[in-house]
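Notes to accompany the following structure.
The values are calculated or read from the model by the stated rules, or taken from the named source; none is laboratory data. Predicted model only: the values in this text are computed from it and were never measured. No Cβ is skipped: glycine too gets one built from the backbone with ideal geometry, and neighbour counts run over all protein chains shown. Remember, those area values only see protein heavy atoms, side chains included, never the ligands or the DNA or RNA. Shrake-Rupley method; radii C 1.70, N 1.55, O 1.52, S 1.80 Å.
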Amino acid sequence: MRERRLSILGSTGSIGRQTLTVARSLGLPVVALGALDEVEEVFSQIEEFQPRLAVLFEERAAETLAEKVKGAGFGTEIASGEEGLLKLAQVSEADTLVAASSGSVGLEATYEAIRAGKDIALANKEVLVAAGRLFTDAVAEHGVEFLPIDSEHSAIWQCLGDHPPGEVTRLILTASGGPFLNRYDLESVTPQEALRHPNWSMGAKITVDSATLFNKGLELIEARWLFGVENVAVVIHPQSIVHSLVEFADGSQLAQLGRPNMLLPIQYALTHPSRVRGPAPRLELTEIGKLEFFPPDGKRFPALDLAREVLEAGGLAPAHLSASDEVAVEAFLNGRIRFTDIHRLVERVVGELGAPEYERLAEVRTALERARETAVELVKKGF
Ligand code: MG
């Protein structure tokens with residue numbers, strides 16, 4: 001197994017912590033850590049992994065951390081802000097960036113890591129949704145690889161193996177359907193209810209996205225860019241055991257199965273193509289009993305169709321969808337809009353801003369900001 005040297009963007013989030021569990025179990029060196037402002041947690045991560053660099057985005061928090069690190073006599077360099085994120089992306093001792101932040105925070109850092117020759121273990125799907133063409137071009141140009149962490153994309157990656165693209169006829173993403181698979185009064189859904197996912201334990205943004213199926217919409221777009229396959233279907237599979245499938249020219253479908261747990265996809269991203277014993281729990285199918293599959297209900301969950309339209313429209317439309325969804329989820333969690341308004345708001349913003357073409361990452365950043373502002377305005381004045 002190749003020993004990857006990791007730099008982790010988002011080390012205190014759900015994926016970041018589990019990446020550290022995998023790194024601990026496999027003995028992988030962690031050379032850089034990045035988080036928002038969690039001084040105590042990052043300090044204990046430094047204590048354990050002794051990275052070369054640790055970044056806290058908030059300057060005050062970074063100052064506090066720097067004092068603690070100095071007091072403890074550790075050699076870890078501490079940095080902050082955008083500048084710190086770029087250092088983390090380019091740190092020469094790392095060969096792999098684990099992009100584990102959520103939303104568009106990691107956009108520039110992930111891009112710079114590609115340009116610095118790092119492979120990208122990708123959990124932060126929003127960066128690929130926002131600027132898919134730019135990122136896939138950069139990966140090709142700099143001879144690096146995307147290592148998918150998203151469980152569905154990890155499954156597809158594992159099923160694809162070495163088959164040439166011409167043999168693949170369809171990708172089939174599975175979706176748990178979220179907590180409201182069988183609920184019809186979606187207007188009255190509370191944030192508490194939306195945060196209670198039946199199978200997966202994840203961050204707040206992605207948990208709400210799973211309840212609206214926006215997460216699956218983002219994953220459709222992510223799959224398009226990661227694998228270059230146009231034909232991507234979605235199947236509801238409430239047990240979350242079959243993580244996704246690939247259909248081949250002869251009609252055969254290959255699936256990857258496992259418990260709904262991120263340790264396995266994180267580990268596979270870091271050990272691919274090798275398979276080694278790690279911390280992921282084992283699956284016993286007899287304990288699961290039955291596996292069910294249904295078509296998605298586009299009436300109650302219109303996010304999937306909207307994502308398809310946006311992908312078709314191209315240009316900056318997916319960036320607008322991603323950024324306005326971030327605002328919509330925040331507004332819903334703060335009790336400012338209803339659950340069903342999330343889709344209404346995103347549809348409004350995407351419709352207003354259209355699908356202009358882009359060339360550079362700075363234009364994507366501007367589009368994300370414009371979509372955020374438009375969405376915030378609409379929430380304020382009602383829509
Ligand atoms: Mg997923």
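Here's a check for you: in the range 109-126, which residue that is at pLDDT below 95 and farther than 19 Å from Ala23 by Cα is farthest from the ligand (Cβ to nearest atom)?
For the range 109-126, the residue satisfying everything is Glu126.
Buried (at least 24 other Cβ atoms within 10 Å of the Cβ), assigned to a helix (DSSP H, G or I) and polar (S, T, N, Q): does that describe Thr174?
no
Taking Val129 as the residue in question, decide whether it is open to solvent by less than 10 Å² (accessible area, probe 1.4 Å), within 13 Å of the ligand (Cβ to nearest atom) and not assigned by TED's automatic domain parsing to the domain that holds Glu292.
The answer is yes for Val129.
Can you tell me which residue in the range 136-150 is farthest from the ligand (Cβ to nearest atom), limited to those that are open to solvent by less than 10 Å² (accessible area, probe 1.4 Å) and under 24 Å from Ser14 (Cα atoms)?
Among those residues, the one meeting the criterion is Leu147.
Evaluate the following for Gly103: is it touching a helix residue (DSSP H, G or I) at 6+ places or on another chain (Cβ under 6 Å) and surrounded by 18 or more Cβ atoms within 10 Å (Cβ to Cβ)?
yes
Can you tell me which residue among Val246, Val229 is in the same structural domain as Asp185 (by TED's automatic domain parsing), open to solvent by 10 Å² or more (accessible area, probe 1.4 Å) and not small (Gly, Ala, Ser)?
Val229
Suppose we filter the range 276-295 for residues that are open to solvent by less than 90 Å² (accessible area, probe 1.4 Å) and either under 12 Å from Val22 (Cα atoms) or in a loop (DSSP other than H, G, I, E, B) (or both); how many remain?
Final tally of qualifying residues: 9.
Report whether or not Leu28 is of a type in the set (A, V, I, L, M), under 16 Å from Asp95 (Cα atoms) and without any contact (Cβ under 8 Å) to a residue 60 or more places away in the chain.
So Leu28 fails the test.
Looking at Ser240, Ser201, which is the one that is among the polar types (S, T, N, Q) and within 12 Å of the ligand (Cβ to nearest atom)?
Of Ser240, Ser201, the one residue that is among the polar types (S, T, N, Q) and within 12 Å of the ligand (Cβ to nearest atom) is Ser240.
Could you go through the range 156-166 and let me know if any residue there is closer than 22 Å to Val139 by Cα, within 16 Å of the ligand (Cβ to nearest atom), open to solvent by less than 30 Å² (accessible area, probe 1.4 Å) and hydrophobic (A, V, I, L, M, F, W, C).
Among the residues of the range 156-166, at least one is closer than 22 Å to Val139 by Cα, within 16 Å of the ligand (Cβ to nearest atom), open to solvent by less than 30 Å² (accessible area, probe 1.4 Å) and hydrophobic (A, V, I, L, M, F, W, C), which makes the answer yes.
Quick check on my filter: what residues within the range 336-361 are surrounded by 17 or more Cβ atoms within 10 Å (Cβ to Cβ) and either basic (Lys, Arg) or in contact with a strand residue (DSSP E or B) (Cβ under 6 Å, 6 or more places away or on another chain) (or both)?
Arg348
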